[in-house]
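One structure is given below, encoded as C-alpha coordinates.
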Amino acid sequence: MNKDINEFISPVVRELPPSGIRKFFDIVATMDDAISLGVGEPDFVTPWNVREAGIYSLESGRTYYTSNAGVLELREELSRYLKRKYQLTYNPKGEMLVTVGGSEAIDLAIRALVEPGDEVLIPEPSFVCYRPCTVLAGGVPVGIVTEAKDNFKLTAEKLKEKITSKTKLLILPYPNNPTGAIMEKEDLEEIAKVLKDTNVLVLSDEIYSELVYDEKVHVPFPNIADMKERTILVNGFSKAFAMTGWRLGYACGPKEIIAAMVKIHQYAIMSAPTTSQYAAIEALQNCDENVKDMCKQYNYRRKVMVNGFRKMGLDCFEPFGAFYVFPCIKSTGMTSEEFCEKLLHEEKVAVVPGNAFGASGEGYVRCSYAYSVKNIEEALKRIEKFVKNHSK
Amino acid sequence: MKEILELLSKNADLTVQQLAVMLDMTEDEVNACIEKMKKDKVLLGYKPLINWDKTDREFVTAMIELRITPQRGEGFDKVAERIYKYPQVKALYLMSGSYDLSVTIEGHTMKEVALFVAEKLAPMESVISTATHFVLKKYKQEGVVFEEDEVDTRQVITL
(Lines give C-alpha, C1' and ligand atoms only; values in the text may rest on other atoms or scores of the structure.)
Protein backbone atom coordinates (compact mmCIF):
# COMPACT_ATOMS: atom_id res chain seq x y z
CA MET A 1 0.00 0.00 0.00
CA ASN A 2 1.32 3.40 -0.87
CA LYS A 3 -1.43 5.32 0.77
CA ASP A 4 -1.89 6.56 4.33
CA ILE A 5 -4.33 4.20 6.02
CA ASN A 6 -6.42 7.19 7.12
CA GLU A 7 -7.21 7.95 3.52
CA PHE A 8 -9.11 4.72 3.28
CA ILE A 9 -11.60 5.97 5.84
CA SER A 10 -14.63 7.46 4.20
CA PRO A 11 -14.38 11.26 4.29
CA VAL A 12 -17.80 11.55 5.89
CA VAL A 13 -16.66 9.43 8.80
CA ARG A 14 -13.21 11.00 8.92
CA GLU A 15 -14.79 14.38 9.39
CA LEU A 16 -17.21 13.33 12.09
CA PRO A 17 -16.06 15.11 15.24
CA PRO A 18 -15.00 12.76 18.04
CA SER A 19 -17.06 12.74 21.20
CA GLY A 20 -16.56 15.87 23.27
CA ILE A 21 -15.81 14.04 26.48
CA ARG A 22 -12.90 11.82 25.55
CA LYS A 23 -10.41 14.20 27.12
CA PHE A 24 -12.16 14.23 30.49
CA PHE A 25 -12.69 10.56 30.39
CA ASP A 26 -8.97 9.99 30.02
CA ILE A 27 -8.12 12.31 32.90
CA VAL A 28 -10.74 10.87 35.27
CA ALA A 29 -9.59 7.37 34.47
CA THR A 30 -6.18 8.18 36.00
CA MET A 31 -7.64 9.43 39.30
CA ASP A 32 -8.71 7.08 42.06
CA ASP A 33 -10.45 9.53 44.33
CA ALA A 34 -12.41 11.53 41.79
CA ILE A 35 -16.15 11.59 42.15
CA SER A 36 -18.14 11.67 39.01
CA LEU A 37 -21.45 13.28 38.21
CA GLY A 38 -20.75 12.41 34.64
CA VAL A 39 -22.75 9.35 33.80
CA GLY A 40 -25.76 9.12 31.56
CA GLU A 41 -27.19 5.94 33.02
CA PRO A 42 -29.04 4.85 36.16
CA ASP A 43 -27.07 3.82 39.23
CA PHE A 44 -29.70 1.23 40.05
CA VAL A 45 -28.95 -2.27 38.95
CA THR A 46 -31.66 -3.89 36.81
CA PRO A 47 -34.45 -5.19 39.11
CA TRP A 48 -33.71 -8.74 40.16
CA ASN A 49 -36.89 -10.25 38.70
CA VAL A 50 -35.81 -8.92 35.30
CA ARG A 51 -32.29 -10.27 35.64
CA GLU A 52 -33.73 -13.56 36.78
CA ALA A 53 -35.99 -13.70 33.72
CA GLY A 54 -32.92 -13.17 31.54
CA ILE A 55 -31.11 -15.99 33.31
CA TYR A 56 -34.14 -18.23 32.95
CA SER A 57 -34.32 -17.56 29.23
CA LEU A 58 -30.70 -18.70 28.96
CA GLU A 59 -31.38 -21.78 31.06
CA SER A 60 -34.30 -22.60 28.81
CA GLY A 61 -32.01 -22.51 25.83
CA ARG A 62 -33.49 -19.42 24.20
CA THR A 63 -30.24 -18.65 22.50
CA TYR A 64 -31.41 -18.19 18.92
CA TYR A 65 -32.23 -15.21 16.73
CA THR A 66 -35.72 -13.88 17.19
CA SER A 67 -37.99 -12.56 14.47
CA ASN A 68 -36.50 -9.42 12.92
CA ALA A 69 -39.04 -7.12 14.49
CA GLY A 70 -38.53 -8.74 17.91
CA VAL A 71 -40.22 -11.52 19.87
CA LEU A 72 -43.95 -11.18 19.23
CA GLU A 73 -44.76 -11.70 22.91
CA LEU A 74 -42.58 -8.70 23.75
CA ARG A 75 -44.21 -6.55 21.08
CA GLU A 76 -47.63 -7.52 22.37
CA GLU A 77 -46.59 -6.69 25.90
CA LEU A 78 -45.19 -3.36 24.67
CA SER A 79 -48.44 -2.61 22.96
CA ARG A 80 -50.32 -3.23 26.22
CA TYR A 81 -47.81 -1.16 28.19
CA LEU A 82 -48.10 1.83 25.84
CA LYS A 83 -51.86 1.59 26.03
CA ARG A 84 -51.93 1.32 29.81
CA LYS A 85 -49.36 4.04 30.45
CA TYR A 86 -50.03 6.53 27.70
CA GLN A 87 -53.27 5.50 25.97
CA LEU A 88 -51.28 4.87 22.80
CA THR A 89 -52.46 2.30 20.29
CA TYR A 90 -49.86 0.53 18.20
CA ASN A 91 -50.32 -2.77 16.45
CA PRO A 92 -47.60 -5.18 17.58
CA LYS A 93 -47.69 -6.69 14.12
CA GLY A 94 -46.38 -4.05 11.78
CA GLU A 95 -46.21 -0.86 13.79
CA MET A 96 -43.43 -1.86 16.17
CA LEU A 97 -39.79 -2.81 15.97
CA VAL A 98 -37.53 -3.93 18.81
CA THR A 99 -34.02 -2.53 18.43
CA VAL A 100 -30.57 -2.61 19.99
CA GLY A 101 -31.16 0.29 22.35
CA GLY A 102 -33.01 3.48 21.54
CA SER A 103 -29.89 4.54 19.64
CA GLU A 104 -30.37 1.95 16.95
CA ALA A 105 -33.98 3.01 16.53
CA ILE A 106 -32.83 6.61 16.04
CA ASP A 107 -30.23 5.58 13.48
CA LEU A 108 -32.72 3.39 11.61
CA ALA A 109 -35.40 6.06 11.50
CA ILE A 110 -32.98 8.64 10.16
CA ARG A 111 -31.50 6.25 7.61
CA ALA A 112 -34.94 5.09 6.50
CA LEU A 113 -36.17 8.63 5.92
CA VAL A 114 -33.36 11.03 5.15
CA GLU A 115 -32.19 11.52 1.57
CA PRO A 116 -29.04 13.42 0.64
CA GLY A 117 -29.71 17.12 1.13
CA ASP A 118 -32.68 16.65 3.44
CA GLU A 119 -32.64 18.85 6.48
CA VAL A 120 -33.10 17.42 9.93
CA LEU A 121 -34.07 19.83 12.70
CA ILE A 122 -32.36 19.18 16.00
CA PRO A 123 -33.22 21.17 19.13
CA GLU A 124 -30.00 21.74 21.06
CA PRO A 125 -28.45 21.22 23.54
CA SER A 126 -29.37 17.58 23.15
CA PHE A 127 -28.00 14.07 23.07
CA VAL A 128 -25.08 13.69 20.70
CA CYS A 129 -26.21 11.10 18.17
CA TYR A 130 -28.68 13.03 16.00
CA ARG A 131 -26.11 15.07 14.09
CA PRO A 132 -23.73 12.23 13.19
CA CYS A 133 -26.61 9.92 12.23
CA THR A 134 -27.99 12.64 9.96
CA VAL A 135 -24.62 13.30 8.36
CA LEU A 136 -24.02 9.59 7.79
CA ALA A 137 -27.37 9.41 6.00
CA GLY A 138 -26.30 12.31 3.76
CA GLY A 139 -28.67 14.72 5.44
CA VAL A 140 -28.04 18.20 6.73
CA PRO A 141 -28.38 18.71 10.48
CA VAL A 142 -29.96 22.03 11.38
CA GLY A 143 -29.67 22.96 15.04
CA ILE A 144 -32.41 24.88 16.81
CA VAL A 145 -31.05 26.60 19.88
CA THR A 146 -33.24 26.21 22.94
CA GLU A 147 -32.68 28.61 25.83
CA ALA A 148 -32.92 28.73 29.58
CA LYS A 149 -35.42 31.58 29.35
CA ASP A 150 -37.81 29.18 27.60
CA ASN A 151 -36.98 26.41 30.08
CA PHE A 152 -35.01 24.79 27.24
CA LYS A 153 -38.24 23.95 25.44
CA LEU A 154 -38.60 24.00 21.71
CA THR A 155 -40.90 26.91 20.91
CA ALA A 156 -43.21 27.19 17.93
CA GLU A 157 -41.50 30.41 16.77
CA LYS A 158 -38.06 28.88 16.76
CA LEU A 159 -39.32 25.84 14.92
CA LYS A 160 -41.13 27.93 12.31
CA GLU A 161 -37.98 29.93 11.59
CA LYS A 162 -36.02 26.83 10.65
CA ILE A 163 -38.51 24.98 8.51
CA THR A 164 -37.65 25.13 4.81
CA SER A 165 -38.79 23.21 1.74
CA LYS A 166 -35.95 20.78 2.44
CA THR A 167 -36.94 19.97 6.01
CA LYS A 168 -37.68 16.26 6.27
CA LEU A 169 -37.59 15.48 9.93
CA LEU A 170 -37.83 17.13 13.33
CA ILE A 171 -36.16 15.45 16.28
CA LEU A 172 -38.04 15.92 19.54
CA PRO A 173 -35.66 14.87 22.31
CA TYR A 174 -37.81 15.30 25.43
CA PRO A 175 -37.44 14.74 28.36
CA ASN A 176 -34.08 16.12 27.41
CA ASN A 177 -30.54 15.00 28.01
CA PRO A 178 -28.61 17.18 29.06
CA THR A 179 -31.00 19.94 30.18
CA GLY A 180 -33.68 17.87 31.92
CA ALA A 181 -36.31 19.97 30.10
CA ILE A 182 -39.70 18.48 29.33
CA MET A 183 -42.37 19.46 26.83
CA GLU A 184 -45.84 19.59 28.33
CA LYS A 185 -49.05 18.98 26.46
CA GLU A 186 -49.62 22.68 25.63
CA ASP A 187 -46.03 23.00 24.39
CA LEU A 188 -46.45 20.02 22.11
CA GLU A 189 -49.74 21.34 20.81
CA GLU A 190 -47.98 24.53 19.73
CA ILE A 191 -45.43 22.43 17.86
CA ALA A 192 -48.23 20.41 16.26
CA LYS A 193 -49.87 23.60 14.99
CA VAL A 194 -46.68 24.55 13.18
CA LEU A 195 -46.23 21.08 11.71
CA LYS A 196 -49.84 20.56 10.66
CA ASP A 197 -49.56 22.19 7.26
CA THR A 198 -46.09 20.89 6.49
CA ASN A 199 -44.66 17.58 5.34
CA VAL A 200 -42.21 17.43 8.22
CA LEU A 201 -42.03 14.09 10.02
CA VAL A 202 -41.15 13.78 13.69
CA LEU A 203 -38.74 11.48 15.46
CA SER A 204 -39.77 11.68 19.09
CA ASP A 205 -37.01 10.32 21.30
CA GLU A 206 -38.81 9.66 24.58
CA ILE A 207 -36.24 7.44 26.26
CA TYR A 208 -36.66 9.34 29.55
CA SER A 209 -40.46 9.19 29.45
CA GLU A 210 -40.74 7.40 32.81
CA LEU A 211 -38.52 9.92 34.57
CA VAL A 212 -40.72 12.97 34.95
CA TYR A 213 -41.13 14.53 38.37
CA ASP A 214 -43.46 16.15 40.84
CA GLU A 215 -46.84 16.90 39.33
CA LYS A 216 -45.65 16.77 35.74
CA VAL A 217 -46.76 14.05 33.36
CA HIS A 218 -45.13 12.82 30.22
CA VAL A 219 -47.22 13.23 27.08
CA PRO A 220 -45.99 11.25 24.09
CA PHE A 221 -45.96 13.31 20.91
CA PRO A 222 -48.12 10.83 18.95
CA ASN A 223 -50.87 11.53 21.48
CA ILE A 224 -51.24 15.05 20.16
CA ALA A 225 -54.13 15.25 17.70
CA ASP A 226 -53.19 14.30 14.13
CA MET A 227 -49.51 13.84 14.98
CA LYS A 228 -49.40 10.07 15.22
CA GLU A 229 -49.38 9.58 11.45
CA ARG A 230 -46.18 11.60 11.08
CA THR A 231 -44.35 10.44 14.21
CA ILE A 232 -41.83 7.74 14.88
CA LEU A 233 -41.81 7.16 18.62
CA VAL A 234 -38.50 5.92 20.01
CA ASN A 235 -38.14 4.59 23.51
CA GLY A 236 -36.31 1.84 25.32
CA PHE A 237 -35.63 -0.06 28.49
CA SER A 238 -32.36 1.58 29.51
CA LYS A 239 -33.51 4.47 31.63
CA ALA A 240 -36.95 3.37 32.83
CA PHE A 241 -35.93 -0.11 33.93
CA ALA A 242 -32.23 0.52 34.58
CA MET A 243 -31.28 -1.79 31.70
CA THR A 244 -28.62 0.15 29.81
CA GLY A 245 -26.29 -2.80 29.36
CA TRP A 246 -29.02 -5.01 27.91
CA ARG A 247 -29.15 -2.76 24.86
CA LEU A 248 -32.85 -2.83 24.15
CA GLY A 249 -35.08 -0.19 22.65
CA TYR A 250 -38.00 0.07 20.30
CA ALA A 251 -39.64 2.20 17.67
CA CYS A 252 -43.34 2.58 16.93
CA GLY A 253 -44.83 4.37 13.98
CA PRO A 254 -46.70 4.18 10.69
CA LYS A 255 -46.35 0.65 9.32
CA GLU A 256 -44.70 1.79 6.07
CA ILE A 257 -41.92 3.54 7.96
CA ILE A 258 -41.48 0.69 10.44
CA ALA A 259 -41.28 -1.73 7.50
CA ALA A 260 -38.52 0.38 5.98
CA MET A 261 -36.67 0.42 9.29
CA VAL A 262 -37.07 -3.36 9.67
CA LYS A 263 -35.43 -3.73 6.27
CA ILE A 264 -32.26 -1.96 7.42
CA HIS A 265 -32.39 -3.67 10.80
CA GLN A 266 -32.58 -7.15 9.29
CA TYR A 267 -29.47 -6.58 7.21
CA ALA A 268 -27.45 -4.67 9.79
CA ILE A 269 -28.49 -6.32 13.05
CA MET A 270 -30.77 -9.30 12.34
CA SER A 271 -32.55 -9.12 15.67
CA ALA A 272 -32.11 -7.52 19.07
CA PRO A 273 -30.47 -9.66 21.78
CA THR A 274 -32.75 -12.59 22.63
CA THR A 275 -31.93 -12.72 26.35
CA SER A 276 -32.67 -9.03 26.70
CA GLN A 277 -35.99 -9.39 24.94
CA TYR A 278 -37.21 -12.08 27.32
CA ALA A 279 -36.00 -10.07 30.30
CA ALA A 280 -37.85 -7.05 28.94
CA ILE A 281 -41.15 -8.93 28.93
CA GLU A 282 -40.77 -9.38 32.68
CA ALA A 283 -39.86 -5.70 33.04
CA LEU A 284 -43.06 -4.62 31.31
CA GLN A 285 -45.23 -7.06 33.21
CA ASN A 286 -43.96 -6.74 36.75
CA CYS A 287 -41.91 -3.62 37.33
CA ASP A 288 -44.37 -0.77 37.73
CA GLU A 289 -43.50 -0.54 41.43
CA ASN A 290 -39.76 -0.59 40.78
CA VAL A 291 -40.06 2.16 38.21
CA LYS A 292 -42.15 4.24 40.56
CA ASP A 293 -39.65 3.77 43.35
CA MET A 294 -36.63 4.62 41.21
CA CYS A 295 -38.42 7.71 40.01
CA LYS A 296 -39.06 8.73 43.59
CA GLN A 297 -35.41 8.31 44.50
CA TYR A 298 -34.33 10.39 41.49
CA ASN A 299 -36.75 13.09 42.49
CA TYR A 300 -35.22 13.37 45.98
CA ARG A 301 -31.77 13.63 44.47
CA ARG A 302 -32.95 16.15 41.91
CA LYS A 303 -34.10 18.42 44.70
CA VAL A 304 -30.84 18.06 46.58
CA MET A 305 -28.94 18.92 43.42
CA VAL A 306 -30.99 21.94 42.31
CA ASN A 307 -31.00 23.27 45.86
CA GLY A 308 -27.23 22.78 46.10
CA PHE A 309 -26.44 24.69 42.92
CA ARG A 310 -28.78 27.53 43.75
CA LYS A 311 -27.30 27.84 47.22
CA MET A 312 -23.84 28.28 45.77
CA GLY A 313 -25.16 31.09 43.63
CA LEU A 314 -25.30 29.42 40.21
CA ASP A 315 -28.34 29.89 38.03
CA CYS A 316 -30.01 26.54 37.79
CA PHE A 317 -33.15 26.03 35.80
CA GLU A 318 -35.43 23.47 37.44
CA PRO A 319 -35.45 20.35 35.31
CA PHE A 320 -38.55 18.18 35.49
CA GLY A 321 -37.31 15.21 33.51
CA ALA A 322 -34.45 12.75 32.93
CA PHE A 323 -31.74 12.72 35.63
CA TYR A 324 -29.64 15.76 34.89
CA VAL A 325 -29.36 19.30 36.07
CA PHE A 326 -27.83 21.89 33.79
CA PRO A 327 -26.53 24.77 35.88
CA CYS A 328 -25.24 27.91 34.21
CA ILE A 329 -21.59 28.59 35.01
CA LYS A 330 -21.22 31.83 33.06
CA SER A 331 -20.91 33.82 36.31
CA THR A 332 -17.55 32.15 36.96
CA GLY A 333 -16.13 33.71 33.80
CA MET A 334 -14.94 30.31 32.63
CA THR A 335 -15.94 28.42 29.53
CA SER A 336 -17.65 25.09 30.07
CA GLU A 337 -14.51 23.18 29.24
CA GLU A 338 -12.29 25.32 31.47
CA PHE A 339 -14.75 24.88 34.30
CA CYS A 340 -14.85 21.11 33.91
CA GLU A 341 -11.12 20.72 33.52
CA LYS A 342 -10.26 22.91 36.50
CA LEU A 343 -12.97 21.35 38.64
CA LEU A 344 -11.55 17.96 37.88
CA HIS A 345 -7.98 18.98 38.69
CA GLU A 346 -8.68 21.09 41.74
CA GLU A 347 -11.59 19.31 43.40
CA LYS A 348 -11.64 15.98 41.60
CA VAL A 349 -15.23 16.15 40.50
CA ALA A 350 -16.17 15.13 36.97
CA VAL A 351 -19.06 16.86 35.25
CA VAL A 352 -19.70 17.19 31.54
CA PRO A 353 -19.20 20.47 29.66
CA GLY A 354 -22.46 21.69 28.15
CA ASN A 355 -20.91 22.28 24.75
CA ALA A 356 -20.49 18.50 24.36
CA PHE A 357 -24.21 18.63 23.56
CA GLY A 358 -24.03 21.32 20.90
CA ALA A 359 -22.48 24.77 20.77
CA SER A 360 -25.52 26.23 22.52
CA GLY A 361 -24.62 24.26 25.65
CA GLU A 362 -21.66 26.58 26.16
CA GLY A 363 -21.82 28.27 29.54
CA TYR A 364 -23.46 25.26 31.16
CA VAL A 365 -22.37 21.96 32.65
CA ARG A 366 -24.33 18.75 32.89
CA CYS A 367 -24.47 17.06 36.27
CA SER A 368 -26.15 13.72 36.60
CA TYR A 369 -28.02 12.78 39.74
CA ALA A 370 -27.97 9.08 39.05
CA TYR A 371 -25.90 8.75 42.23
CA SER A 372 -26.52 8.25 45.92
CA VAL A 373 -27.48 11.33 47.92
CA LYS A 374 -24.22 10.94 49.84
CA ASN A 375 -22.21 11.06 46.65
CA ILE A 376 -24.18 14.03 45.35
CA GLU A 377 -23.71 15.98 48.56
CA GLU A 378 -19.97 15.39 48.61
CA ALA A 379 -19.73 16.49 44.99
CA LEU A 380 -21.80 19.61 45.68
CA LYS A 381 -19.57 20.48 48.61
CA ARG A 382 -16.51 20.30 46.40
CA ILE A 383 -18.13 22.27 43.58
CA GLU A 384 -19.21 24.95 46.04
CA LYS A 385 -15.64 25.30 47.26
CA PHE A 386 -14.44 25.50 43.67
CA VAL A 387 -16.99 28.15 42.70
CA LYS A 388 -16.12 30.18 45.79
CA ASN A 389 -12.40 30.02 44.98
CA HIS A 390 -13.05 31.25 41.47
CA SER A 391 -15.66 33.89 42.06
CA LYS A 392 -14.61 37.39 41.32
CA MET B 1 -45.61 12.16 56.84
CA LYS B 2 -45.51 8.82 55.09
CA GLU B 3 -42.67 10.07 52.91
CA ILE B 4 -40.57 11.13 55.89
CA LEU B 5 -41.00 7.65 57.34
CA GLU B 6 -40.14 5.99 54.06
CA LEU B 7 -36.96 8.01 53.76
CA LEU B 8 -35.97 7.45 57.38
CA SER B 9 -36.71 3.76 57.16
CA LYS B 10 -34.07 3.50 54.43
CA ASN B 11 -31.64 5.89 56.03
CA ALA B 12 -32.19 7.16 59.55
CA ASP B 13 -29.06 9.24 59.16
CA LEU B 14 -30.83 11.89 57.09
CA THR B 15 -30.84 15.26 58.80
CA VAL B 16 -33.86 17.49 59.12
CA GLN B 17 -32.16 19.82 56.67
CA GLN B 18 -31.79 17.06 54.09
CA LEU B 19 -35.34 15.86 54.55
CA ALA B 20 -36.64 19.39 54.09
CA VAL B 21 -34.83 19.77 50.74
CA MET B 22 -35.90 16.37 49.49
CA LEU B 23 -39.54 16.87 50.40
CA ASP B 24 -40.01 20.54 49.55
CA MET B 25 -40.81 21.34 53.17
CA THR B 26 -39.36 23.82 55.64
CA GLU B 27 -37.16 22.50 58.44
CA ASP B 28 -39.77 23.59 60.95
CA GLU B 29 -42.42 21.57 59.17
CA VAL B 30 -40.22 18.48 59.14
CA ASN B 31 -39.41 18.92 62.81
CA ALA B 32 -43.05 19.34 63.73
CA CYS B 33 -43.98 16.28 61.75
CA ILE B 34 -41.29 14.15 63.39
CA GLU B 35 -42.25 15.35 66.86
CA LYS B 36 -45.87 14.51 66.23
CA MET B 37 -45.00 11.03 65.02
CA LYS B 38 -42.89 10.47 68.10
CA LYS B 39 -45.71 11.63 70.30
CA ASP B 40 -48.19 9.36 68.54
CA LYS B 41 -45.78 6.42 68.90
CA VAL B 42 -45.57 6.07 65.15
CA LEU B 43 -41.86 6.79 65.21
CA LEU B 44 -40.47 4.77 68.09
CA GLY B 45 -36.76 5.28 67.71
CA TYR B 46 -33.68 5.00 65.52
CA LYS B 47 -31.24 2.13 65.68
CA PRO B 48 -28.14 1.31 63.71
CA LEU B 49 -28.04 -1.84 61.63
CA ILE B 50 -25.00 -3.83 62.71
CA ASN B 51 -23.32 -6.89 61.31
CA TRP B 52 -22.27 -8.30 64.68
CA ASP B 53 -20.46 -11.15 62.97
CA LYS B 54 -17.73 -8.69 62.14
CA THR B 55 -17.25 -7.75 65.79
CA ASP B 56 -15.92 -9.85 68.66
CA ARG B 57 -19.24 -9.79 70.47
CA GLU B 58 -20.20 -13.38 71.20
CA PHE B 59 -23.90 -14.04 71.06
CA VAL B 60 -26.48 -16.20 69.42
CA THR B 61 -29.93 -15.50 68.08
CA ALA B 62 -32.73 -18.02 68.07
CA MET B 63 -36.23 -18.01 66.73
CA ILE B 64 -38.63 -19.99 68.83
CA GLU B 65 -41.99 -21.24 67.67
CA LEU B 66 -44.52 -21.43 70.45
CA ARG B 67 -47.87 -23.13 70.33
CA ILE B 68 -50.19 -21.60 72.86
CA THR B 69 -53.60 -22.19 74.36
CA PRO B 70 -55.26 -18.80 74.23
CA GLN B 71 -56.71 -17.57 77.50
CA ARG B 72 -60.42 -17.05 77.76
CA GLY B 73 -61.27 -13.38 77.38
CA GLU B 74 -57.65 -12.37 76.78
CA GLY B 75 -56.68 -14.27 73.67
CA PHE B 76 -52.94 -14.33 73.11
CA ASP B 77 -52.19 -10.86 74.41
CA LYS B 78 -51.79 -11.74 78.05
CA VAL B 79 -49.41 -14.60 77.31
CA ALA B 80 -47.54 -12.40 74.87
CA GLU B 81 -47.07 -9.77 77.54
CA ARG B 82 -45.60 -12.26 79.95
CA ILE B 83 -43.14 -13.27 77.30
CA TYR B 84 -42.07 -9.91 75.87
CA LYS B 85 -41.29 -8.56 79.31
CA TYR B 86 -38.15 -10.69 79.39
CA PRO B 87 -35.26 -8.52 78.17
CA GLN B 88 -33.82 -11.55 76.34
CA VAL B 89 -36.83 -11.43 74.02
CA LYS B 90 -35.92 -9.13 71.13
CA ALA B 91 -39.03 -9.60 69.03
CA LEU B 92 -42.39 -11.25 69.43
CA TYR B 93 -44.99 -11.79 66.75
CA LEU B 94 -48.37 -13.47 66.63
CA MET B 95 -48.38 -15.75 63.61
CA SER B 96 -50.85 -17.48 61.37
CA GLY B 97 -50.16 -21.11 60.48
CA SER B 98 -48.86 -24.08 62.41
CA TYR B 99 -47.71 -22.18 65.49
CA ASP B 100 -48.89 -19.10 67.32
CA LEU B 101 -46.06 -16.97 68.64
CA SER B 102 -42.68 -16.35 67.09
CA VAL B 103 -40.14 -15.32 69.72
CA THR B 104 -36.72 -13.97 68.82
CA ILE B 105 -34.23 -14.42 71.60
CA GLU B 106 -30.64 -13.32 71.99
CA GLY B 107 -28.19 -14.86 74.43
CA HIS B 108 -24.49 -15.30 74.95
CA THR B 109 -24.45 -19.02 74.22
CA MET B 110 -26.73 -21.65 72.74
CA LYS B 111 -26.95 -23.19 76.17
CA GLU B 112 -28.16 -19.97 77.70
CA VAL B 113 -30.90 -19.65 75.10
CA ALA B 114 -31.88 -23.30 75.41
CA LEU B 115 -32.13 -22.96 79.18
CA PHE B 116 -34.23 -19.85 78.85
CA VAL B 117 -36.66 -21.77 76.70
CA ALA B 118 -36.65 -24.76 78.99
CA GLU B 119 -36.95 -22.81 82.22
CA LYS B 120 -39.02 -19.79 81.30
CA LEU B 121 -41.09 -20.44 78.21
CA ALA B 122 -41.83 -24.14 78.15
CA PRO B 123 -43.20 -24.34 81.71
CA MET B 124 -45.71 -21.56 81.14
CA GLU B 125 -49.17 -22.89 81.65
CA SER B 126 -50.56 -21.96 78.27
CA VAL B 127 -47.54 -23.06 76.25
CA ILE B 128 -48.28 -26.35 74.50
CA SER B 129 -44.96 -26.79 72.69
CA THR B 130 -41.77 -25.02 71.69
CA ALA B 131 -39.38 -25.44 68.78
CA THR B 132 -36.07 -23.60 68.89
CA HIS B 133 -34.23 -22.60 65.70
CA PHE B 134 -30.80 -21.03 65.98
CA VAL B 135 -29.70 -18.45 63.42
CA LEU B 136 -26.45 -19.56 61.81
CA LYS B 137 -25.79 -16.70 59.46
CA LYS B 138 -27.55 -13.48 58.56
CA TYR B 139 -27.57 -12.65 54.87
CA LYS B 140 -30.00 -9.81 54.81
CA GLN B 141 -31.84 -7.79 57.40
CA GLU B 142 -34.12 -4.77 57.13
CA GLY B 143 -33.66 -4.88 53.36
CA VAL B 144 -29.89 -4.61 53.64
CA VAL B 145 -27.62 -7.31 52.29
CA PHE B 146 -24.72 -7.78 54.73
CA GLU B 147 -21.93 -8.55 52.31
CA GLU B 148 -22.98 -6.62 49.26
CA ASP B 149 -20.33 -5.11 47.08
CA GLU B 150 -21.16 -1.49 46.40
CA VAL B 151 -18.56 -0.70 43.81
CA ASP B 152 -19.82 1.55 41.02
CA THR B 153 -18.76 -0.26 37.87
CA ARG B 154 -20.23 2.26 35.47
CA GLN B 155 -18.00 4.12 33.05
CA VAL B 156 -17.10 7.39 34.77
CA ILE B 157 -18.47 9.59 32.01
CA THR B 158 -21.06 8.71 29.43
CA LEU B 159 -23.26 10.98 27.36
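The values are calculated or read from the model by the stated rules, or taken from the named source; none is laboratory data. Worth saying up front: this structure is predicted, and the values here are computed from it rather than measured. Counting neighbours? That spans all protein chains shown, and the Cβs are built from the backbone with ideal geometry, glycine included. Accessible surface is based on the protein model in full, side chains and every heavy atom, while ligands, DNA and RNA are left aside. Shrake-Rupley method; radii C 1.70, N 1.55, O 1.52, S 1.80 Å.
Taking segment A:318-352 as the range and being under 18 Å from the mean Cα position of the chain (by Cα), open to solvent by less than 10 Å² (accessible area, probe 1.4 Å) and on the phi < 0 side of the Ramachandran plot as the test, the residues that pass are A:PRO319, A:GLY321, A:PHE323, A:TYR324, A:VAL325, A:PHE326, A:VAL351, A:VAL352. Against the conditions (1) on the phi > 0 side of the Ramachandran plot; (2) in contact (Cβ under 8 Å) with a residue 40 or more places away in the chain; (3) not hydroxyl-bearing (Ser, Thr, Tyr), B:LEU49 satisfies every one except (1). Only a single item in (1) without any contact (Cβ under 8 Å) to a residue 24 or more places away in the chain; (2) open to solvent by less than 50 Å² (accessible area, probe 1.4 Å) is not met by B:SER126, and it is number (1).
Only one of these is part of a helix (DSSP H, G or I) and within 14 Å of chain B (Cβ to nearest Cβ): A:TYR278, A:TYR267, A:TYR300. Name it. Of the residues listed, the single one that is part of a helix (DSSP H, G or I) and within 14 Å of chain B (Cβ to nearest Cβ) is A:TYR300. Scanning segment A:50-82 for residues that are exposed (fewer than 15 other Cβ atoms within 10 Å of the Cβ) and within 25 Å of A:TYR298 (Cα to Cα) yields one hit, A:GLU52. Is it the case that segment A:45-64 has a residue that's more than 14 Å from chain B (Cβ to nearest Cβ), of a type in the set (Phe, Trp, Tyr) and either part of a helix (DSSP H, G or I) or over 30 Å from B:ASP149 (Cβ atoms) (or both)? Checked against the condition, which is being more than 14 Å from chain B (Cβ to nearest Cβ), of a type in the set (Phe, Trp, Tyr) and either part of a helix (DSSP H, G or I) or over 30 Å from B:ASP149 (Cβ atoms) (or both), segment A:45-64 yields at least one hit. Scoring A:GLY245 on the criteria (1) open to solvent by less than 40 Å² (accessible area, probe 1.4 Å); (2) within 14 Å of chain B (Cβ to nearest Cβ) leaves a single failure, condition (1). Each residue in segment A:377-392 was checked for being charged (D, E, K, R) and surrounded by 21 or more Cβ atoms within 10 Å (Cβ to Cβ), and 0 of them qualify.
Looking at segment B:1-119, the helices (runs of 4 or more DSSP H) lying wholly inside it that each contain 1 or more residues that are at pLDDT below 95, exposed (fewer than 13 other Cβ atoms within 10 Å of the Cβ) and more than 14 Å from chain A (Cβ to nearest Cβ) sit at B:77-84.
Within segment A:353-362, the set of residues being outside any helix (DSSP H, G or I) and either within 10 Å of A:PHE326 (Cβ to Cβ) or open to solvent by 10 Å² or more (accessible area, probe 1.4 Å) (or both) comprises A:GLY358, A:GLU362. Restricting attention to segment B:139-159, the residues that are exposed (fewer than 10 other Cβ atoms within 10 Å of the Cβ), at the interface with another protein chain (Cβ under 10 Å from one of its Cβ atoms) and β-branched (Val, Ile, Thr) total 1. Pairs meeting the criteria (first residue in segment A:73-95 and assigned to a helix (DSSP H, G or I), second residue open to solvent by 30 Å² or more (accessible area, probe 1.4 Å) and of a type in the set (Phe, Trp, Tyr), beta carbons under 9 Å, at least 6 apart or on different chains) are A:GLU73/A:TYR278; A:LEU74/A:TYR278.
When A:LYS374 is tested against the conditions (1) more than 20 Å from A:TYR208 (Cα to Cα); (2) open to solvent by 10 Å² or more (accessible area, probe 1.4 Å); (3) at pLDDT 95 or above; (4) within 11 Å of chain B (Cβ to nearest Cβ), the lone failure is (3).
Just one of (1) open to solvent by less than 80 Å² (accessible area, probe 1.4 Å); (2) away from every other protein chain (no Cβ under 11 Å) fails for A:GLY40. It is (2).
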